[in-house]
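The values are calculated or read from the model by the stated rules, or taken from the named source; none is laboratory data. Note that the structure is predicted; figures quoted are calculated from it, not measured. Cβ coordinates were reconstructed from backbone atoms using ideal geometry, including for glycine residues, and neighbour counts include every protein chain displayed.
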Amino acid sequence: MAYSLNVNGKNYSVDVDADTPLLWALRDVIGLTGTKFGCGVAQCGACTVHLDGQAVRSCVTTVESAGTAAIMTIEAVGSTQVGNRVQQAWLEQEVVQCGYCQSGQIMSATALLNENPSPSDDDIDAVMSGNICRCGTYPRIRAAIRQIAAGPGFHRRRLR
Amino acid sequence: MRRFQEVSGVAFAACAAEALLAVTLAVGSGLADDKIQPPADGTLKGVADFQSIGEPSARSRALFTEAAKVITGPRCINCHPATRSPTQGDDRHPHRPPIQAGESGMGVAGLNCHSCHRFKNTSLPGSRVGSIPGAEHWLLAPASMAWQGLTLGEICRQLKDPARNGGRSLADIHKHMSTDHLVAWAWQPGAGRRPAPGTQEVFGALIEAWIATGAECPS
Amino acid sequence: MSAFARIGTASLSRRTFLISVVLAGGSLVIAPRLVGPAQAADATALTPFIRIPPAGKIELVIASVEMGQGVYMGLSTLLAEELEVRLNQIVAVAAPADPARYAHPMLGDQITGGSVTIRGFWEPMRQAGATARSMLIAAAADEWGVAPATCRAEAGEVIHTASGRRLAYGALVDKAATLPVPQGVALKPASEFQLIGKPARRIDTPAKVNGSAKFGLDARPAEAKFAAIAICPTFGGTLQSVDEAPALKVKGVRKVVRLSDAVAVVADHTGAARKGLAALDIAWNRGANGDLTIGELERSADAALDGTARVAFDQGDVDAAEARHPRGIEAIYRLPILPHTTMEPMNCTVHVRPDGCDVWVGTQVAGRARQAAADLTGLPVEKVVIHNQFLGGGFGRRLDHDVVIMAVRVAQQVDGPVQVVWSREEDVRHDSYRYLNRSRIDIRLGPDGMPVSWRHRVVGPAIMARFLPVLFKDGIDLDIVDAAESPYDVASKRVEFVRHEAPDGMLTGNWRGVGPTRNAPAVEGGIDEAAHLAGIDPVEYRRRLLGNNPRMKAVLDLAADHAGWGRDPGAERGRGVALLSAFGSFAAMVAQVHVRPDGTLKVERIVAAVDCGLVVNPDVLRQQVESGIVYGLSAALYGRLTIEQGAIVEGNFDDQPVLRMNECPLIDVHVMASAEAPGGIGELGTPGVAPALMNAIFAATGKRLRSLPLATTDLRGS
């Protein structure tokens, strides 16, 4: 049957099986390719999207389980205040290398900062350890989140 | 755990999954010292099997010991860890990715249980893990209900202690064990996972009989 | 591939660059060409690298691929510096697959790898910019009737200094094209650099933080289908039979494709394709390797230590020195099979038609991919178009194009374009593996405790025999033995190579850090063992052996200083050092570990000091070194594939873990200022990690580790 998905404020009808991972509905049916496939088993976090503001792994979230929740992807997260700040901090700290994992990293960091505007290093570890980066951008991701946590007027500081 | 061999021809004989436990970076596990081991088979005796034990307190202890095959099985005890981080699998290895369930037992904003564990099991055809477990309100047991690292007697006394069991009476405990949907999940754990022994019905009856015989705890 | 570097540097010194400038399609097209002395007169084949249009941005064609290493940024900086334009006046575009025109000047093929991109284009890119600038100034001067020397170029304009008159480059392209092309225009001295060596934001990253960057998996040709693939799990095995019915019952599945060694399920979306594939019960002929086990391969590699060796490096008289000096260390270092696990799993999108073939893929070898597609389809190579995408990580995996071959074979049975997607499990189980390595190191010490002889026997595959035969000489893979001789002053040294290949059907390839990653553990572990035997501090011991290597010694001192070497690291802690001279660069690394009595290991800090010659972009350099370190940490701690019943056992990040944020140590990178020609940076950070950790664990616990990964070692009771 066809499912109606609300993605980035728009409704889409996707005619797929109930157990189809949201990831493939987004990428292959709707055509929003910013959400990435990395492992398919919720190990790497590359496919992270927001469901009613909560970070979920879209590779293990079925279309059925997404239901009527508001889905937000990397393509729209920059339209939110926190998402935009995360993207800017990512550029300022020159986080990105190959970039493939960064959609998921940014979605996780945004979900973290939405609820916890000043995360400690332990808080950062607790959330961001769910996202794998093979280029090794972890120290700069930490620095970028710290930059946001420190608020405006923050200047680039030594990387951890 | 096989010891490192400096000069032997094959230094890598230990299986990878087991060997990886030797180096647990940042997430301590202490699994090797756990006193409780998962049950060896999938059977669970019924209440009737214990009628021959005449002395009520001995029967009570035997009933609890049997019910503990479920309680200390990996399907239950993985989410009753000693720390606020769940374990996984029949070998109870640290959850991957590492999870800090926190005070709430739900994880933290940005990575909570529901980031992956949805309202029912999600099958992952073709993967080694088979499925991601799921049920409504998936979460870690509160810290006061940690079971890993305890003896059977310690688990039993904790279960009965309202200060540590969420203020439950023995009747509440029975109801929880025999009807709760998260407990029920242990018998429908999804592809790639061994169910708890027996059935929830038999398990519930064992708990009921244990209470009826005085809710005695093994030493 | 710093072996690449040596050969490449030698060949570069014998060659010169010829800059061609023509008007084509209304744009001024500048083409630097590498010409050997014999071909100096032949400048007919034009390779457009730079286009200056009458209006709009200057186009820089990048022959290398962007996989995170910052090549778009690096090459744009080189051009902008000499052409006198701002970075935002340049747009970088991917070159077509055409090795005849876009071959890397050092490698002789259109390959991105071996940390040689900047080294290869360092001269020609600046020369092209300087030549074009000189011609544009001449054109403007002619226009104004003034002497060129009275004009200067700035931000894409020529300015007559005295009058302040200005003309944009775009307005000058027609006239410039009619002028003679000056050769040998002087390049700026480093003291006048405005862009090179200065911090500047990368140009490829804004699209990577908003989801708009297009990787291979993001190719979406119209009407594309999606395929999931299962390749025979045993190496060299074949498909026996499969009933396609269960897959065809899955909603969205269109077709089951049978290949001799694989099955693909084609569907409307990848989810349906994966579900359909999982529904199949595929019978495989397991083939000659059907019973293979990792134990067998490990034993075979060990036995090869006593196999027939070829001498790859010989200096002094090792036999005589060993006869005179019995005291020393002899040790065997063992390295496992490693996957690459690029973050973007293998994939390739192909549209095969009777009259042509389009391929969308992120590859480090576009030319080879194009040729392979042509060979398979029987199409002329000009009819194959490779649409190179961003690479979601390379690390050497995308130096092989087996994935393109497989995808074309699937696409030949599909009407319209099809995106073939490897699951993570297929990606791990059908990699171009870093194969097993064995090193036996024999270091003899003189009466003063310092080494008098160095014998290093390396057992490994000869990847260059197939990959780049120019680096396979007299039976020796010059990459596999690279840096095996160490940077240390030892009177007598010998490196021996025993070729030891993986079973037939198992693809082995290049892995970040290539040869030096194989040799660093034995070289740096061995010298550490020698220092311990001599009773001399490991840093001081190395310093005494670097009298002829001032750049190496300087980075050692820098790293040791920043790491607090010599100060107490604290209880249960230890520091270890490792050096590397490779890729035309120098690196020193100090790791600090904490080993608890229960065996828990935490890597607390890694301090790296590097000398990469002149730095094009200091922040990209730091990124690359950090990246190399983290990649090396994952492998050192966890990396190891096993084989049972002929198939790779591990398949995903749960059973083949990689480093996560909570395990990532503090990383400090210190860069030595240098005016030397640029060296490589992409692979520089990886090789030293494992030996620095092994040496640190020895310092903390007294346990001398000689096998990787560290997670297979029980450190309890240390």
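When the stretch C:567-612 is limited to residues that are within 18 Å of residue C:693 (Cβ to Cβ) and acidic (Asp, Glu), the one that is nearest to the other protein chains (Cβ to nearest Cβ) turns out to be C:604. Screening the stretch B:97-109 for residues that are of a type outside the set (A, V, I, L, M, F, W, C) and within 12 Å of chain C (Cβ to nearest Cβ) and picking the one that is nearest to residue C:233 (Cα to Cα) gives B:97. Those strands (runs of 3 or more DSSP E) of the stretch C:314-380 in which 2 or more residues are closer than 30 Å to residue C:444 by Cα occupy C:328-335. Between C:123, C:82, the distinction of being in a helix (DSSP H, G or I) and within 25 Å of residue C:513 (Cα to Cα) belongs to C:123 only. From the set of residues in the stretch C:458-481 that are charged (D, E, K, R) and surrounded by fewer than 24 Cβ atoms within 10 Å (Cβ to Cβ), which is farthest from residue C:525 (Cα to Cα)? Of everything passing the filter in the stretch C:458-481, C:466 is farthest from residue C:525 (Cα to Cα).
Per the conditions (1) over 23 Å from residue C:605 (Cα atoms); (2) surrounded by fewer than 24 Cβ atoms within 10 Å (Cβ to Cβ); (3) of a type outside the set (Lys, Arg), the sole criterion not satisfied by residue C:486 is (2). Looking at the stretch A:6-24, is at least one residue aliphatic (A, V, I, L, M), over 30 Å from residue C:657 (Cβ atoms), more than 7 Å from every other protein chain (Cβ to nearest Cβ) and within 17 Å of the chain's Cα centre (by Cα)? The answer is yes; a qualifying residue exists.
When every residue of the stretch C:306-313 is checked against the conditions, none turns out to be surrounded by 15 or more Cβ atoms within 10 Å (Cβ to Cβ), within 30 Å of the chain's Cα centre (by Cα) and closer than 30 Å to residue A:39 by Cα. Residue-level check: of (1) farther than 25 Å from residue A:69 by Cβ; (2) within 11 Å of another protein chain (Cβ to nearest Cβ); (3) not polar (S, T, N, Q), residue B:116 misses just (1).
Restricting to the stretch C:59-77, give me the number of residues that are assigned to a loop (DSSP other than H, G, I, E, B) and either without any contact (Cβ under 8 Å) to a residue 12 or more places away in the chain or touching an Asp or Glu at 6+ places or on another chain (Cβ under 7 Å) (or both).
Looking only at that region, the number is 1.
Of the helices (runs of 4 or more DSSP H) contained entirely in the stretch C:396-479, those carrying at least 1 residues that are in the same structural domain as residue C:222 (by TED's automatic domain parsing) and of a type in the set (Gly, Ala, Ser) fall at C:402-411. Considering every residue within the stretch C:671-691, establish whether at least one is in the same structural domain as residue C:597 (by TED's automatic domain parsing), in contact (Cβ under 8 Å) with a residue 40 or more places away in the chain, under 26 Å from residue B:91 (Cβ atoms) and outside any loop (DSSP other than H, G, I, E, B). No: the stretch C:671-691 contains no residue that is in the same structural domain as residue C:597 (by TED's automatic domain parsing), in contact (Cβ under 8 Å) with a residue 40 or more places away in the chain, under 26 Å from residue B:91 (Cβ atoms) and outside any loop (DSSP other than H, G, I, E, B). Among the residues of the stretch A:115-138 satisfying the criterion of being among the β-branched types (Val, Ile, Thr) and assigned to a helix (DSSP H, G or I), which is nearest to the other protein chains (Cβ to nearest Cβ)? In this case the residue turns out to be A:127. Among the residues making up the stretch B:119-158, those that are surrounded by 22 or more Cβ atoms within 10 Å (Cβ to Cβ) and part of a helix (DSSP H, G or I) are B:155, B:156. Consider the stretch C:219-252 and keep the residues that are surrounded by fewer than 24 Cβ atoms within 10 Å (Cβ to Cβ) and β-branched (Val, Ile, Thr). The one that is farthest from the other protein chains (Cβ to nearest Cβ) is C:238.
Within the stretch C:640-688, if we keep just the residues that are facing another protein chain (nearest Cβ under 7 Å) and of a type in the set (S, T, N, Q), the residue that is surrounded by the most Cβ atoms within 10 Å (Cβ to Cβ) turns out to be C:652.
Contact map, the stretch C:89-115: residues that are modelled with pLDDT under 80 paired with residues that are buried (at least 21 other Cβ atoms within 10 Å of the Cβ) and acidic (Asp, Glu), Cβ distance under 9 Å, separation 6+ or inter-chain. Pairs shown: C:114/C:479; C:114/C:683; C:115/C:683. Of the residues in the stretch B:102-113, none is without any contact (Cβ under 8 Å) to a residue 24 or more places away in the chain and either basic (Lys, Arg) or within 28 Å of residue B:212 (Cα to Cα) (or both).
Residues to consider are C:560, C:554, C:582, C:531; find the one that is crowded, with 21+ Cβ neighbours inside 10 Å and either touching a residue at least 40 places away in the same chain (Cβ under 8 Å) or closer than 30 Å to residue C:430 by Cβ (or both).
Residue meeting the stated conditions: C:582.
From the list C:540, C:604, which residue is without any contact (Cβ under 8 Å) to a residue 60 or more places away in the chain and surrounded by fewer than 24 Cβ atoms within 10 Å (Cβ to Cβ)? Within the list C:540, C:604, the selection yields C:540. The residue of the stretch A:40-56 that is surrounded by the fewest Cβ atoms within 10 Å (Cβ to Cβ), among those that are in contact (Cβ under 8 Å) with a residue 40 or more places away in the chain and facing another protein chain (nearest Cβ under 7 Å), is A:54. Scanning the stretch A:64-114 for residues that are among the β-branched types (Val, Ile, Thr) and either within 7 Å of chain C (Cβ to nearest Cβ) or farther than 12 Å from residue A:137 by Cβ (or both) yields A:68, A:71, A:73, A:74, A:77, A:80, A:82, A:86, A:96, A:106, A:110. Screening C:173, C:158, C:181, C:242 for residues that are assigned by TED's automatic domain parsing to the domain that holds residue C:351, in contact (Cβ under 8 Å) with a residue 12 or more places away in the chain and among the β-branched types (Val, Ile, Thr) leaves exactly one candidate, C:242. Can residue C:431 be described as crowded, with 24+ Cβ neighbours inside 10 Å, more than 14 Å from chain A (Cβ to nearest Cβ) and closer than 17 Å to residue C:344 by Cα? Spelling it out, it is not the case that residue C:431 is crowded, with 24+ Cβ neighbours inside 10 Å, more than 14 Å from chain A (Cβ to nearest Cβ) and closer than 17 Å to residue C:344 by Cα.
Does residue C:164 satisfy the criteria of being surrounded by fewer than 15 Cβ atoms within 10 Å (Cβ to Cβ) and not in a helix (DSSP H, G or I)? Considered against the rule, which asks whether it is surrounded by fewer than 15 Cβ atoms within 10 Å (Cβ to Cβ) and not in a helix (DSSP H, G or I), residue C:164 comes out as yes. Each residue in the stretch C:184-218 was checked for being surrounded by 21 or more Cβ atoms within 10 Å (Cβ to Cβ), more than 9 Å from chain A (Cβ to nearest Cβ) and under 30 Å from residue C:403 (Cα atoms), and 1 of them qualify. Scanning the stretch C:568-624 for residues that are of a type in the set (Asp, Glu) and within 28 Å of the chain's Cα centre (by Cα) yields C:604, C:611, C:619.
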